[in-house]
1. Name, by its number, the condition in (1) of a type in the set (A, V, I, L, M); (2) closer than 30 Å to Leu263 by Cβ; (3) in contact (Cβ under 8 Å) with a residue 24 or more places away in the chain that does not hold for Ala122.
2. Every residue in the stretch 61-75 that is surrounded by fewer than 20 Cβ atoms within 10 Å (Cβ to Cβ) and touching a strand residue (DSSP E or B) at 6+ places or on another chain (Cβ under 9 Å), please.
3. Could you list, in sequence order, all residues of the stretch 20-49 that are modelled with pLDDT of 75 or more, open to solvent by 30 Å² or more (accessible area, probe 1.4 Å) and not hydroxyl-bearing (Ser, Thr, Tyr)?
4. Which one of the conditions (1) more than 11 Å from Ala317 (Cβ to Cβ); (2) buried (at least 18 other Cβ atoms within 10 Å of the Cβ); (3) more than 23 Å from the chain's Cα centre (by Cα) does Ser396 fail to meet, given that it meets all the rest?
5. Kindly indicate which of Gly296, Gly257, Gly237, Gly310 is farther than 24 Å from Asp154 by Cα and over 18 Å from the mean Cα position of the chain (by Cα).
6. For the stretch 19-39, which residues satisfy the criterion of being part of a loop (DSSP other than H, G, I, E, B) and either β-branched (Val, Ile, Thr) or closer than 23 Å to Asp97 by Cβ (or both)?
7. Sort out which residues of the stretch 286-323 are open to solvent by 40 Å² or more (accessible area, probe 1.4 Å), more than 24 Å from Arg43 (Cα to Cα) and touching a Gly at 6+ places or on another chain (Cβ under 7 Å), and write them in order of number.
8. Mind checking which residues of the stretch 141-171 are within 15 Å of Pro121 (Cα to Cα), open to solvent by 10 Å² or more (accessible area, probe 1.4 Å) and assigned to a strand (DSSP E or B)?
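The values are calculated or read from the model by the stated rules, or taken from the named source; none is laboratory data. Keep in mind that this is a model prediction, so the values were computed, not measured. Here the Cβ positions follow ideal geometry from the backbone for every residue, glycine too, while neighbour counts run over all protein chains shown. Note: accessible area is taken over every heavy atom of the protein model, side chains too, but ligands, DNA and RNA are not part of it. Shrake-Rupley method; radii C 1.70, N 1.55, O 1.52, S 1.80 Å.
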Amino acid sequence: MLAAMPTPPSAVPARDEPVIRDRGDACPGALRLHAADDGYLARVRIPGGLLGAAQAAALANAADRFGDGHLELTSRGNVQLRGLADGCGAGLAELLDGAGLLPAPSHERIRNIVASPLADPAPVRALDRALCADPKAAALSGRFLFAVDDGRGDVAALDPDVTLLAQPGDRVLVRLGAAPDAVEVAPADAPAAALEAAHYFLDAASDAGTRAWRIAELPAGSALGAQEFTVRLLASGIPARYLPEAPRPFCPPPAPGPHGDALCVLVPLGRLTTAQWRELPGELRITPWRSIVVTGTTVRPAGLVTSPDGPWESVTACTGRPGCAKSLADVRADARAVAERARGPLPVHWSGCERRCGHPRGTAWVDVVATPDGYTIGADPVAPRELAVAVADARSRLPMSEDAVKK
């Protein structure tokens, strides 16, 4: 099993009803801090997960200077700093800006780009530059997601709003949400086409009046269409060809271990100390599966996973105590306590309350939820002393799905 098991595109469930937002997007960023139970939280966007050595060092310094000495990896390949003190915002922003991690303060929350972690980083950098230079893009929510997929179908499976999917013959497909059709453009035009897709969404969201944050939230009458998108691209001077049926490749994320001259390092539950972080030399690529790809190194950091089939593959958890006031348990500590004895083929997600923050999307998974008296797995209560056996048994037989959670 692989870390976090992404969902094949065909398995992404469609929404039955449009989402109507009654408030603005409060997604945290590096400048808009979130007040958590363990202090303030900053989410630093890392487009495509690409971090230079100096930038990686700056993040560790920020965690030590302002936070709790840890870094958290998110499911979009970003980095979170926790335990930040009140009043640290200006100092944190200055440190991050000096490292080139805040090139566009007005856009910093919308730089959400996931990318195939073993691919050429140039397309990601081109898209990020285009995003940061576009005034209209600043109106996107902090949840809107771009994916730059090298053709293998790894990040295309992560429910992006706009996907750039490389194709043979030096072409790129642009897909809007989970649509079966797509538009074909030249690689040099792909960043501009992705921006036009974002503009198309913003126009549709404005017309709908539902304050949608993502393409899937648009009502049916305002849904985006690849044919209309093709017309928009041609009108803007971008050569484009409509494809009524587009390929949907899929492959799992890179497993922990060597990949050519690269090493994929899995971070258990996505949280590591600054000391562990500093053992990873050179440039880093943070993946959406809470792992880190490093090149040209044989370093094996203590406490991190550098070979397949370990106990931490496909194990995820919400923040839990002490970071979240709503959590009923320290789910990360409990997951760590039983990980070795609670293996199984199915992914498992540990939740501190019924909200199930961060749970897997659209695939079979085991649902472990904290209660005032212990945990439940599915509908069955489980005493703390029985957790290891119960989780292992469930991971071998009891699939859980997002649809079941909604019910």
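1. Exception for Ala122: condition (3).
2. Going residue by residue through the stretch 61-75, those that are surrounded by fewer than 20 Cβ atoms within 10 Å (Cβ to Cβ) are 61, 64-65, 68-70, 74-75.
Once the filter is applied, which keeps residues that are surrounded by fewer than 20 Cβ atoms within 10 Å (Cβ to Cβ) and touching a strand residue (DSSP E or B) at 6+ places or on another chain (Cβ under 9 Å), the stretch 61-75 yields Asp68, Gly69, His70, Thr74, Ser75.
3. So in the stretch 20-49, the residues modelled with pLDDT of 75 or more come out as 20-21, 25-49.
Still in the list and also open to solvent by 30 Å² or more (accessible area, probe 1.4 Å): 20-21, 26, 31-35, 37-38, 40, 43.
Once the filter is applied, which keeps residues that are modelled with pLDDT of 75 or more, open to solvent by 30 Å² or more (accessible area, probe 1.4 Å) and not hydroxyl-bearing (Ser, Thr, Tyr), the stretch 20-49 yields Ile20, Arg21, Ala26, Leu31, Arg32, Leu33, His34, Ala35, Asp37, Asp38, Arg43.
4. With respect to (1) more than 11 Å from Ala317 (Cβ to Cβ); (2) buried (at least 18 other Cβ atoms within 10 Å of the Cβ); (3) more than 23 Å from the chain's Cα centre (by Cα), Ser396 is out only on (2).
5. Numbers: Gly296 fails: farther than 24 Å from Asp154 by Cα; Gly257 fails: farther than 24 Å from Asp154 by Cα; Gly310 fails: farther than 24 Å from Asp154 by Cα.
That would be Gly237, the only listed residue that is farther than 24 Å from Asp154 by Cα and over 18 Å from the mean Cα position of the chain (by Cα).
6. Val19, Ile20, Asp25, Ala26, Cys27, Pro28, Gly29, Ala30, Leu31, Arg32, Leu33
7. Thr295, Gly296, Ser307, Pro308
8. Listed by number, the residues that qualify are Val148, Leu164, Ala166.
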